[in-house]
1. Cβ-Cβ distance below 6 Å, separation of 6 or more or different chains: which pairs start in segment 53-67 with a residue that is within 15 Å of residue 43 (Cβ to Cβ) and end on one that is of a type outside the set (Phe, Trp, Tyr)?
2. Any residue in segment 89-104 that is at pLDDT below 70 sitting within a Cβ distance under 6 Å of a residue that is part of a helix (DSSP H, G or I)? List the pairs, counting only those 6 or more apart or interchain.
3. Which residues, taken from segment 25-81, are more than 30 Å from residue 91 (Cβ to Cβ) and of a type in the set (Phe, Trp, Tyr)?
Amino acid sequence: MPSMFPNAVHRWSRHESWWARHSLSIVLVVILVAQTVAFHFTELPDWTSDQATHGEPTALWPAYWLHFSAEWFVSVLADTYGALLLVVLTKWFYEQGSAETDGQGDGNPDQG
């Protein structure tokens with residue numbers, strides 16, 4: 001398959017570490033997990049307070065988890081997952097046409 005960017009230069013050399021190549025994606029996933037945990041601990045008191053105010057039961061299953069999932073998808077996931085997706089797709093498009101992606105050459109970005 002021909003590359004979308006035939007003159008693209010692959011900026012990662014073979015000697016760079018796995019961490020250097022994937023650190024931004026990993027950090028964004030860690031932020032997503034941290035936001036999810038923080039969202040749970042801030043949403044639970046609000047939800048139980050609202051339920052008590054309206055005389056509704058405050059059982060966690062299934063009402064709270066359905067509420068939590070819906071709110072999480074609307075607020076947390078949209079922002080953080082969107083950023084993660086942008087990073088991963090940008091990295092994928094950036095690496096198109098590199099010697100490593102094409103399976104040709106010795107890793108020299110000038111060859112193609």
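1. Qualifying pairs under 6 Å: 58/48; 58/51.
2. Filtered contacts from segment 89-104: 101/95.
3. Once the filter is applied, which keeps residues that are more than 30 Å from residue 91 (Cβ to Cβ) and of a type in the set (Phe, Trp, Tyr), segment 25-81 yields 41, 47, 61, 64, 65, 68.
The values are calculated or read from the model by the stated rules, or taken from the named source; none is laboratory data. In this text, all values refer to a predicted model and were calculated from it rather than measured experimentally. Glycine gets a Cβ as well: all are built from the backbone with ideal geometry, and neighbour counts include every protein chain shown.
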